[in-house]
Structures are given as C-alpha cells and as structure tokens.
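Here is the structure we will look at.
The values are calculated or read from the model by the stated rules, or taken from the named source; none is laboratory data. Quick caveat, the model's predicted, so the values are computed rather than measured. Cβ placement follows ideal geometry from the backbone for every residue including glycine, while neighbour counts extend to all protein chains displayed. These accessible areas exclude ligands, DNA and RNA; they are computed on the full protein's heavy atoms, side chains included. Shrake-Rupley method; radii C 1.70, N 1.55, O 1.52, S 1.80 Å.
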Amino acid sequence: MGLLAVLAGLCAAELVAGLVRGATSPVVPVGQEVIDAVPPGVKDWAIDWFGTADKAVLIAGTLAILAAAGAVAGVLAIRGRRAVAYVLAAAVGAIGLAAVLSRPGADAGRTMPSIVGTAVSVAVLWWLTPAPTPAAPADESPAEAEPQLQASRRRFARDAALVAVASIFAGGIGRLLARRFSIEGERASGELPTPDRDVADDVRRWDFGIAGTTPFVVPNDDFYRIDTALVVPQVPKDSWSLWIHGMVDRELKLSFADLVERELVERYITLACVSNPVGGELVGNAKWLGTPLADLLREAGPHPEATQVVSRSIDGWTCGTPTSAIMDGRDALLAIAMNDDPLPAEHGYPVRMVVPGLFGYVSATKWVTEIELVRWEDFDAYWVPRGWAKEGPVKTMARIDRPRRGSDHPAGTVDIAGVVWAVHRGISAVEISIDEGEWRECELAGVPSDDTWRQWRYVWQEAPPGEHTVDVRASDGDGVPQPSQRSSPAPDGAQGYHRTRFQVV
Ligand SMILES: Nc1nc2c(c(=O)[nH]1)N[C@H]1C(S)=C(S)[C@@H](COP(=O)(O)O)O[C@H]1N2
Ligand SMILES: [Mo]
C-alpha cells in the first residue's frame, strides 16, 4: 500500500511536469540538491565507481529511499497509526517542495508537481487503508470471519490494481506531454548562420587516420559530457538571453538574434576536464562556431579592477575565469555550434562558453545566461569551495590510444599512436620509451592552431615477441617538458606519463 502511494505520487508529479514548462518530478531537484551538497571528494568517488552513470545511480538511490519511506507509511497506516502515516507522506513531499524552491528559477508552476504528487500519495494511502474492523464479538467463530476477510482482500487487490494502472497511465501521459518541451525539434530545423571568418578544413593533415586511435575531430555523439545537471536543461533559443553586468560601464542584455548578428568565427578548440586522469577520456576536440567574447566584454566596458569573469548557467552553476585570459587575444567564444551542428542540448544549447587553454570547470559554461564582472577575490565559483583550484590552465598531457592496454599484436611492425595536448601553448615534441629504453622522437600530425590537441605516432619496426611497455611524454610549444611526477586530478589536474602494456605474439 505504501509503495503504491509512492508510485501514484511520483506518476502524478510526472503528469503535472508534462503540463508545466520548466517543471520536473521533485526527484530531480532533490537529487540536484544532493549533488550540490555532497562534500568534496564524494564527486570523485562517484565518478570513480560509476563513471558517467553516477547520475542514474543517484536517481535510483533517491527512488529506493522513497520506496522505503512509503513502506513505513503503509505499515503505520495498517497498524492504525493513520495520522502518523499521512504526516510522514506529507513530510517526504515537503522535502521535494523545499528542494524545488531552493533551485534557481523556482516559480509557482515548478512547485505543482510536488504539491499534487504529495496530495495524491496521501489520498491513495487514505483510500487503500482498510477501515478499522470492530473487534470481533467473542462468540464469532473464525469460520464466520473468513469470508469477510476474503472479501476485503479481493477489494484491496482490485483497488491496488486500479491505482497501479491509473498511475502508470498518468505517468506515461506526463512523459509524452513533456516531449514538447524538448529543444530537439527546433535544433533539427534551425539553420546555422555562416561564419564571417571560417577555418580551413584540412582534416587530412591533422588526422593520421590510424585504426584504433581517436579522430582529430570527435563527433558530437562521442564527445565526453561532464556537468552537474541531473536533467539536461531545455532552453529554446527565443527564450534565451545573456545579461552582461557587474563592474562594467554599460550593462548589456542580448537575445540570441543579437548574438548571431555579431561577428561569428569558426575555430577548432580542444576541451579538457580537470577530472581527467592520466590516459583518460574526458577530453575532446571539436569545431566551434561563435562570437568572440572579448568583443562583447569590450562593448560593455569592463572596469580595470574587474579581474574575474563570472559566468552562470540557467541551472545556477557558476564558473570563474580570469578576465585577462579572455581579453588576451585568444579565441574565447560564446559558441552556438559544434562540428557544423547547433550545439547538442547536453553540450549547452543554445549558447556556451569555450576558452582555449583552460579546463572546462573554469571556462566552458554551458547554457550560459549571465556574465558578471567582479574582482578575483570577490567570488569563488562552483568548484572552488569544493576543493578545486581557482585557476585551471590545462596541463601538458600525452595519451597512448594504441596499442590498447592488454592487447595482442603479431610480431613485426607495431603502430604506436595517440593524442597529445597543451591547449593554447601547443606541442613541440612527443617521445616514447619502449620497455623503459631510450626516448625516441615521434612523428606529429599537423594542427590548425595551438588550441587543439595533436595526433602523434611511432612505427616500431621489429617488435620482438613478449610483453612490452610504452611510456609517452611531451613538451609544450615553449619546449617545457611535462613533469614525470604522477599526481591525481584534484585539485588542479592530473599529471604524469601515460603507459600502456601489450603483448607481441
Ligand atoms: N552549466 C554547466 N556548464 C559546465 C559544467 C556544468 O556542470 N554546468 N561543467 C563544466 C565542466 S567541469 C566541463 S569539463 C565542461 C564539459 O563540457 P562538455 O560536457 O560539453 O564536454 O563543461 C563545463 N561547463
Ligand atoms: Mo570538468
């Protein structure tokens, strides 16, 4: 009975969420509050254990707790503690409501799913709880009570089935209705403006095309995704705006149309996550189309003391970037497209920031709607109080894509290859060491600029049978070698040489 009350409440919330734009099941804001509240270290632990499935695990955990609370409420109701059961159900609903209210953008509409869901849960508890049976008269024999009991069980089974079917039906309708809030339709039909300055597409010079290695341009569907959003914000471009304010001469408020009216440039830029371990996959390279952010800031007229650009996304996530990095002539963009397609929703549709050379958490705000100029010491953005460094330049890193760890190769020629990046500083050299022998210079592919990663390869001619290791190291564009000392991602990015181990048979 308690489980059914939970199911009915959640499905009712889902139905309401399908009716109100911006509203979601209260499970989402509750999980979102958990994400924001967990102490530093727990996020890394969650990523270590569950990878990018960590969000699914969080939702499943929240549902399990709700089910347990529902079961307790059911038992209480059956044991005659009806009032306590209703209070428990209402209290659980209140947690959902409180979470909704503490999220950015809370309004009356967004509170509706928790309110309606809670009311439905309590109503189902009330309706399914059998009326308290008067104590059987002493002279009534068990044989006479039996048919009564059976009738009451049949009634319960019928009512329970009715609740379950109605709930699932309502929840399903809610899900269907919610689809109209998806931006997929407008994304698919939207046409991209042509760039004022495009980039020569010479991918053949930049990509060796070796099987089993990462392509120079990572397709959107394969691009890593990292953010704190439990559900991907759906921001229609006509409702989007960007507010530039703070320590500026003139505040600006731009619509999407205002943005694309400005100069649009195309750039290949490699994005890297500070959480990426040595040899990890939280890095990718794409072609971005966007407006230079420096031009917009100049339009607003930043004050000289405004040393930090704080950007905020529609879901309240914040990011702090040194003003100097954005203004120093590099291609910091407000991007609207990724690899010749409008930004995918999970990569920030309709507009995100991209700043070459800085880790994503200090530069790459997705669904960006606000930019505030402040002093460096005035504000610490989302990840800073959670233990990550306030400044996040990308570290020099080389990765071996093949041979894969643990793979087998026939004796003779072995292609050793991978990618290397020191975004915005460029790469001057890559070397490998086979079986801890001398360092051998590798061949480097071409690059469109210092803002992208670079492919490297080494053809090992006479690989003898047996087990082998390969270590790789790089020097950035200024000739600064990558440190050999290994360190973990926290607080400012992993470092150390990547190693692979494989067999020649
Ligand atoms: N709104 C928002 N933007 C965000 C984040 C986030 O949590 N929320 N995470 C940042 C981090 S840590 C990284 S590494 C990049 C990843 O961008 P991608 O998911 O497009 O690869 O986005 C950045 N932008
Ligand atoms: Mo990141």
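For region 269-294, give me the residue count where each residue is more than 14 Å from ligand 1 (Cβ to nearest atom), open to solvent by 10 Å² or more (accessible area, probe 1.4 Å) and out of contact with any Asp or Glu (no Cβ under 7 Å at 6 or more places or on another chain).
Adding up the residues that qualify gives 3.
Return the only residue of S449, S433 being more than 30 Å from R298 (Cβ to Cβ), of a type outside the set (D, E, K, R) and either more than 16 Å from ligand 2 (Cβ to nearest atom) or not in a strand (DSSP E or B) (or both). Spell out the reasoning first.
On the way: S449 fails: more than 30 Å from R298 (Cβ to Cβ).
Checking each option against the conditions leaves just S433.
Of the numbered conditions (1) touching a residue at least 60 places away in the same chain (Cβ under 8 Å); (2) surrounded by fewer than 20 Cβ atoms within 10 Å (Cβ to Cβ); (3) within 30 Å of V199 (Cβ to Cβ), G496 fails exactly one; give the number of that condition.
(3)
Which residue, of R386, R405, R375, is modelled with pLDDT under 95 and open to solvent by 20 Å² or more (accessible area, probe 1.4 Å)?
Numbers: R405 fails: modelled with pLDDT under 95; R375 fails: modelled with pLDDT under 95.
That would be R386, the only listed residue that is modelled with pLDDT under 95 and open to solvent by 20 Å² or more (accessible area, probe 1.4 Å).
Mind telling me which of the residues I210, I244 ends up being β-branched (V, I, T), away from ligand 2 (no atom under 16 Å from the Cβ), outside any loop (DSSP other than H, G, I, E, B) and in contact with an Asp or Glu (Cβ under 7 Å, 6 or more places away or on another chain)? Break it down into steps so the answer makes sense when it comes.
On the way: I210 fails: outside any loop (DSSP other than H, G, I, E, B).
Exactly one of I210, I244 is β-branched (V, I, T), away from ligand 2 (no atom under 16 Å from the Cβ), outside any loop (DSSP other than H, G, I, E, B) and in contact with an Asp or Glu (Cβ under 7 Å, 6 or more places away or on another chain), namely I244.
Filtering region 217-240 down to residues that are in contact with a strand residue (DSSP E or B) (Cβ under 7 Å, 6 or more places away or on another chain) and open to solvent by 20 Å² or more (accessible area, probe 1.4 Å), which residue is farthest from ligand 1 (Cβ to nearest atom)?
Among those residues, the one meeting the criterion is V217.
Please verify whether V505 is open to solvent by less than 40 Å² (accessible area, probe 1.4 Å) and of a type outside the set (S, T, N, Q), treating the condition exactly as stated.
On the way: open to solvent by less than 40 Å² (accessible area, probe 1.4 Å): no; of a type outside the set (S, T, N, Q): yes.
It is false that V505 is open to solvent by less than 40 Å² (accessible area, probe 1.4 Å) and of a type outside the set (S, T, N, Q).
When the residues of region 295-315 are filtered to those that are within 16 Å of ligand 2 (Cβ to nearest atom) and open to solvent by less than 20 Å² (accessible area, probe 1.4 Å), which remaining residue is farthest from F359 (Cα to Cα)?
Here the residue is S313.
Which of the residues that make up region 217-234 are hydrophobic (A, V, I, L, M, F, W, C) and over 23 Å from P195 (Cα atoms)? First the steps, then the outcome.
Step one: list which residues in region 217-234 are hydrophobic (A, V, I, L, M, F, W, C), which gives 217-218, 223, 226, 229-232.
Hits for region 217-234 are I226, A229, L230, V231, V232.
Looking only at region 358-376, count every residue that is under 21 Å from A300 (Cβ atoms) and either among the small types (G, A, S) or assigned to a helix (DSSP H, G or I) (or both) and tell me the total.
So the answer is 4.
Which of the numbered conditions does T318 fail, given that it passes all the others? Conditions: (1) within 16 Å of ligand 2 (Cβ to nearest atom); (2) more than 30 Å from S182 (Cα to Cα).
(2)
Could you run through region 320-357 and say how many residues are within 13 Å of ligand 1 (Cβ to nearest atom), closer than 15 Å to P302 by Cβ and of a type outside the set (V, I, T)?
Adding up the residues that qualify gives 1.
Do we have any residue at all in region 246-253 that's open to solvent by less than 10 Å² (accessible area, probe 1.4 Å) and either modelled with pLDDT of 95 or more or away from ligand 1 (no atom under 16 Å from the Cβ) (or both)?
No, because not a single residue in region 246-253 is open to solvent by less than 10 Å² (accessible area, probe 1.4 Å) and either modelled with pLDDT of 95 or more or away from ligand 1 (no atom under 16 Å from the Cβ) (or both).
Scan region 318-329 and report the pairs whose first residue is touching a residue at least 40 places away in the same chain (Cβ under 8 Å) and open to solvent by 10 Å² or more (accessible area, probe 1.4 Å) and whose second residue is within 14 Å of ligand 2 (Cβ to nearest atom) and in a strand (DSSP E or B), with Cβ atoms within less than 9 Å and a gap of 6+ or a chain change.
Between residues of region 318-329 that are touching a residue at least 40 places away in the same chain (Cβ under 8 Å) and open to solvent by 10 Å² or more (accessible area, probe 1.4 Å) and residues that are within 14 Å of ligand 2 (Cβ to nearest atom) and in a strand (DSSP E or B), the close pairs are P322/L358.
With the condition kept exactly as written, say whether any residue in region 179-200 is buried (at least 18 other Cβ atoms within 10 Å of the Cβ), closer than 23 Å to D451 by Cβ and within 16 Å of ligand 1 (Cβ to nearest atom).
no
Among (1) buried (at least 19 other Cβ atoms within 10 Å of the Cβ); (2) touching an Asp or Glu at 6+ places or on another chain (Cβ under 8 Å); (3) among the aromatic types (F, W, Y), where does W421 come up short?
Evaluating W421 over (1) buried (at least 19 other Cβ atoms within 10 Å of the Cβ); (2) touching an Asp or Glu at 6+ places or on another chain (Cβ under 8 Å); (3) among the aromatic types (F, W, Y) leaves (2) as the failure.
State all residues of region 137-156 that are open to solvent by less than 80 Å² (accessible area, probe 1.4 Å) and either at pLDDT 95 or above or part of a loop (DSSP other than H, G, I, E, B) (or both); if no residue qualifies, say none.
Matches in region 137-156: P137, E140, S141.
Can you tell me which residues in region 324-357 are assigned to a loop (DSSP other than H, G, I, E, B) and more than 22 Å from G493 (Cβ to Cβ)?
If the condition is that a residue be assigned to a loop (DSSP other than H, G, I, E, B) and more than 22 Å from G493 (Cβ to Cβ), then G329, N339, D340, L343, P344, Y349, P350, V351 are the ones that fit.
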